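Right, one structure below, let's go through it.
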Amino acid sequence: MAESPTPEELAAYVDETAKRVGLPIAPEHRPGVIQFTGILLAHAALVLEFPLPDEVESAPVFRP
Amino acid sequence: MSVTMSRAEYVASDALGLAASIRAGRVRARAVTEAALAQIAARGPAVNAFTSVLPEQARTDAERVDAALAAGRDAGPLAGVPFAVKDLFDVAGITTLAGSRINRERPPAVRDAVAVAALRRAGAVLMGALNMDEYAYGFTTENSHYGPVRNPHDSTRVAGGSSGGSGAAVGAGLVPLTLGSDTNGSVRVPASLCGAFGLKPTYGRVSRTGSTLFAGSFDHVGTIGRSVRDVAAALDLMQGPDPEDPVCSARPAAPCLPLLGEGVGGLRIAVLDGHFARGGEPAAFAAVEQVAAVLGVSRRVTMPEAHRARAAAMVITASEGANVHLADLKRRPQDFDPLTRDRFLAGALVPAAVYVQAQRFRAWYRARVAELFAEVDVLLAPTTPCPAPRIGQDRIVLDGVEVLTRPNLGVYTQPLSFIGLPVLSVPVTRPGALPLGVQLVAAPFREAHVLRVGALLEAKGVVAAAVSA
């Protein structure tokens with residue numbers, strides 16, 4: 001998804017992913033969800049395109 | 001001793017000023033509480049800041065302060081000071097709504113949040129709970145369930161969010177001190193738009209126990225107030241370790257109030273350029289220059305990849321926020337606020353690869369910013385890209401580009417809370433104009449640095465809280 005999806009690809013991604021996480025999207029909510037998913041995936045592309053060295057560990061630390 | 005208090009007398013003092021009058025026996029705590037209740041009744045509905053008011057509890061607490069003082073006991077540093085808290089902090093006896101309709105079904109809280117309890121122990125008198133964006137997901141507090149919070153300086157405009165009630169209650173002169181939470185800018189944005197001081201301490205400096213989480217990676221407890229010394233005093237009362245909050249720092253408390261008079265000697269100060277110098281109205285950058293000129297600062301430095309930090313903050317916030325509410329999103333999406341629902345639903349669809357990479361980027365960015373703080377102590381940046389937009393205004397033109405209003409109010413706050421830096425938003429003096437804030441930013445756990453700079457700016461008159469007439 002790093003490349004900008006077409007509107008059809010975006011709608012298909014929302015429908016398929018929502019099914020996989022068991023999240024029903026009502027028809028009246030679907031256009032808004034597609035819009036905001038598009039915004040989030042644009043932010044995601046900025047994150048994914050950045051080359052990170054392998055040794056950079058995720059920020060949260062778990063203390064057992 | 002005075003047993004009544006006019007609005008003019010009530011709003012003339014900051015929180016510590018009121019406490020000093022009460023402790024010195026010039027006015028009763030009960031009279032101050034009655035003045036606060038009168039302001040909340042008279043002016044509260046116009047700004048819609050409160051979701052609940054606690055008059056009986058407040059009167060009982062105030063009388064306890066008066067009794068302690070009459071008996072010669074210490075009633076605490078905030079003796080009799082009225083305050084209020086964002087409706088995501090637990091308050092024993094009432095249900096924590098977090099701006100939602102769904103949470104109305106929950107039982108009342110059995111104990112106060114740790115931060116609330118700390119202020120009450122210091123003698124402060126809790127007046128009630130404050131309106132907010134649903135589950136703290138927003139920058140404008142146009143809450144569909146409880147109505148929009150209105151800006152105290154122009155009722156057609158937003159107060160900012162998500163701690164909109166916390167900003168408006170201070171700006172309208174209802175209470176001098178409020179608690180808010182800041183995940184992406186939710187203390188600093190309303191402080192900027194309402195003309196108040198807003199302190200977001202370092203991530204983990206203040207316990208979040210008893211507050212409703214939004215996105216745990218970034219959730220901070222913060223304070224909005226009338227003066228630098230007020231927000232410093234509140235921080236000193238609340239800061240320190242709490243084993244119940246897994247991200248609360250084990251560092252011992254480091255009091256800031258005694259350091260406010262130290263001035264800015266020895267502090268290296270610079271203006272942030274790059275991301276923080278574009279995408280805003282000229283007035284936002286003029287406010288930064290106004291502060292920089294008083295401090296004699298001309299140096300510019302860059303926080304690398306700040307725009308990407310904001311993007312990473314967006315995806316982490318959406319992912320974590322959606323997961324907190326996933327069960328309700330699946331079962332009863334129609335009960336969410338339309339202004340948050342579709343964003344929460346979208347947040348549940350973010351791929352794991354993006355979330356993990358955003359958290360790894362966060363570690364990389366923290367290291368780069370730490371390098372920057374080896375060369376400089378305090379950074380200046382706008383708080384918001386513009387003064388308060390109108391209620392219902394979906395789009396705004398910034399730097400010649402039409403953008404969505406609501407997410408863009410956090411464009412300068414998000415890259416800083418992303419790595420938990422302490423930030424003080426100071427209200428720049430702009431006679432005849434709507435309020436605007438400037439962020440003073442320091443390295444982690446250096447709250448004293450930004451508070452010292454803020455205190456100097458306040459003493460020079462370049463920043464001052466604006467209480468509506």
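The values are calculated or read from the model by the stated rules, or taken from the named source; none is laboratory data. These numbers come from a predicted model, not from an experiment. Glycine also receives a Cβ, built like all others from the backbone with ideal geometry; neighbour counts cover every protein chain displayed.
Could we say that B:H220 is within 29 Å of B:V32 (Cα to Cα) and of a type outside the set (K, R) here?
Values: within 29 Å of B:V32 (Cα to Cα): no; of a type outside the set (K, R): yes.
The answer is no for B:H220.
Considering every residue within segment B:392-410, establish whether at least one is crowded, with 23+ Cβ neighbours inside 10 Å and under 30 Å from B:G240 (Cβ atoms). So far as segment B:392-410 goes, yes, one or more of its residues are crowded, with 23+ Cβ neighbours inside 10 Å and under 30 Å from B:G240 (Cβ atoms). Of the residues B:I316, B:I269, the single one that is buried (at least 16 other Cβ atoms within 10 Å of the Cβ) and either closer than 20 Å to B:G216 by Cβ or among the acidic types (D, E) (or both) is B:I316.
So for segment B:214-221 (the condition being part of a strand (DSSP E or B) and touching a strand residue (DSSP E or B) at 6+ places or on another chain (Cβ under 8 Å)), does at least one residue qualify? The answer is yes; a qualifying residue exists. Inside segment B:6-26, residues that are under 19 Å from B:I40 (Cβ atoms) and touching a strand residue (DSSP E or B) at 6+ places or on another chain (Cβ under 6 Å) make up a count of 1. Taking first residues from segment B:77-88 that are β-branched (V, I, T) and modelled with pLDDT of 95 or more and partners that are surrounded by 24 or more Cβ atoms within 10 Å (Cβ to Cβ) and part of a loop (DSSP other than H, G, I, E, B), the Cβ contacts under 6 Å between residues at least 6 apart in sequence or on separate chains come to B:V81/B:A124. The residues of segment A:5-64 that are under 24 Å from B:R368 (Cβ atoms), at pLDDT 95 or above and more than 7 Å from chain B (Cβ to nearest Cβ), listed by number, are A:A42, A:A45, A:E49, A:P51, A:P53, A:D54, A:E55. For segment B:458-469, a residue qualifies if it is surrounded by fewer than 24 Cβ atoms within 10 Å (Cβ to Cβ) and either part of a helix (DSSP H, G or I) or of a type in the set (V, I, T) (or both), and the qualifying residues are B:E458, B:A459, B:V462, B:V467. Of all residues in segment B:61-76, those being closer than 28 Å to B:G99 by Cα and either surrounded by fewer than 18 Cβ atoms within 10 Å (Cβ to Cβ) or without any contact (Cβ under 8 Å) to a residue 12 or more places away in the chain (or both) number 0.
Do we find a residue being polar (S, T, N, Q), crowded, with 24+ Cβ neighbours inside 10 Å and closer than 20 Å to B:S417 by Cα anywhere in segment B:241-254? Can you show your working first?
Initial filter on segment B:241-254 (polar (S, T, N, Q)): B:249.
Add one more test, that the residue is crowded, with 24+ Cβ neighbours inside 10 Å, and what stays is none.
So far as segment B:241-254 goes, no, none of its residues is polar (S, T, N, Q), crowded, with 24+ Cβ neighbours inside 10 Å and closer than 20 Å to B:S417 by Cα.
Report, by residue number, each residue of segment B:288-318 that is part of a helix (DSSP H, G or I), out of contact with any strand residue (DSSP E or B) (no Cβ under 7 Å at 6 or more places or on another chain) and of a type outside the set (G, A, S). Steps first, please.
Keep residues of segment B:288-318 that are part of a helix (DSSP H, G or I), which gives B:288-295, B:306-318.
Still in the list and also out of contact with any strand residue (DSSP E or B) (no Cβ under 7 Å at 6 or more places or on another chain): B:289, B:293-294, B:306-318.
Residues satisfying the conditions are B:E289, B:V294, B:H307, B:R308, B:R310, B:M314, B:V315, B:I316, B:T317.
Looking at segment B:104-134, which of the residues that are touching a Ser or Thr at 6+ places or on another chain (Cβ under 6 Å) and of a type in the set (D, E, K, R) is nearest to B:S162 (Cα to Cα)? Checking each candidate, the answer is B:D133.
When you scan segment B:36-60, how many residues do you find that are of a type in the set (S, T, Y), crowded, with 16+ Cβ neighbours inside 10 Å and in a helix (DSSP H, G or I)? Before you say what the answer is, go through the steps one by one.
We begin by selecting, within segment B:36-60, every residue of a type in the set (S, T, Y); these are B:51-52, B:60.
Within this subset, residues satisfying the condition of being crowded, with 16+ Cβ neighbours inside 10 Å are B:51.
Cutting the leftovers down to in a helix (DSSP H, G or I) gives us none.
Number satisfying all stated conditions: 0.
Any chance you could count how many residues in segment B:98-152 are assigned to a helix (DSSP H, G or I) and not hydrophobic (A, V, I, L, M, F, W, C)? Before you say what the answer is, go through the steps one by one.
Residues of segment B:98-152 that are assigned to a helix (DSSP H, G or I), as a first pass: B:102-105, B:114-121, B:134-136.
Next, from what is left, pick out any that are not hydrophobic (A, V, I, L, M, F, W, C): B:103-105, B:120-121, B:134-135.
Within segment B:98-152, residues that are assigned to a helix (DSSP H, G or I) and not hydrophobic (A, V, I, L, M, F, W, C) number 7.
Within segment B:4-35, if we keep just the residues that are outside any helix (DSSP H, G or I) and not hydrophobic (A, V, I, L, M, F, W, C), the residue that is farthest from B:L174 (Cα to Cα) turns out to be B:G25.
Would you please name the residue that is nearest to B:F344 (Cα to Cα), looking only at residues in segment B:98-136 that are of a type in the set (S, T, N, Q) and either touching a strand residue (DSSP E or B) at 6+ places or on another chain (Cβ under 6 Å) or crowded, with 24+ Cβ neighbours inside 10 Å (or both)? Walk me through how you get there before you give the answer.
Taking segment B:98-136 and keeping what is of a type in the set (S, T, N, Q), we get B:100, B:103, B:131.
Still in the running and either touching a strand residue (DSSP E or B) at 6+ places or on another chain (Cβ under 6 Å) or crowded, with 24+ Cβ neighbours inside 10 Å (or both): B:100, B:131.
On the way: B:S100: 13, B:N131: 20 Å.
Checking each candidate, the answer is B:S100.
Close Cβ contacts (under 7 Å, 6 or more residues apart or on different chains) running from residues in segment B:230-257 that are within 14 Å of chain A (Cβ to nearest Cβ) to residues that are of a type in the set (D, E) and assigned to a loop (DSSP other than H, G, I, E, B) comprise B:C248/B:D242.
Name the single residue that is nearest to B:D219 (Cα to Cα) among those in segment B:61-84 being in contact with a Gly (Cβ under 8 Å, 6 or more places away or on another chain) and not in a helix (DSSP H, G or I). Once the filter is applied, the top-ranked residue is B:A84. Of the listed requirements (1) on the phi > 0 side of the Ramachandran plot; (2) within 14 Å of another protein chain (Cβ to nearest Cβ); (3) not β-branched (V, I, T), B:A309 misses just one: (1).
Counting only helices (runs of 4 or more DSSP H) that fall entirely inside segment B:333-428 and contain at least 1 residues that are farther than 15 Å from B:A313 by Cβ, at pLDDT 95 or above and away from chain A (no Cβ under 14 Å), the qualifying elements are B:352-372. Restricting B:F285, B:F276 to those that are touching a strand residue (DSSP E or B) at 6+ places or on another chain (Cβ under 6 Å), of a type in the set (F, W, Y) and in contact (Cβ under 8 Å) with a residue 60 or more places away in the chain reduces the list to B:F276.
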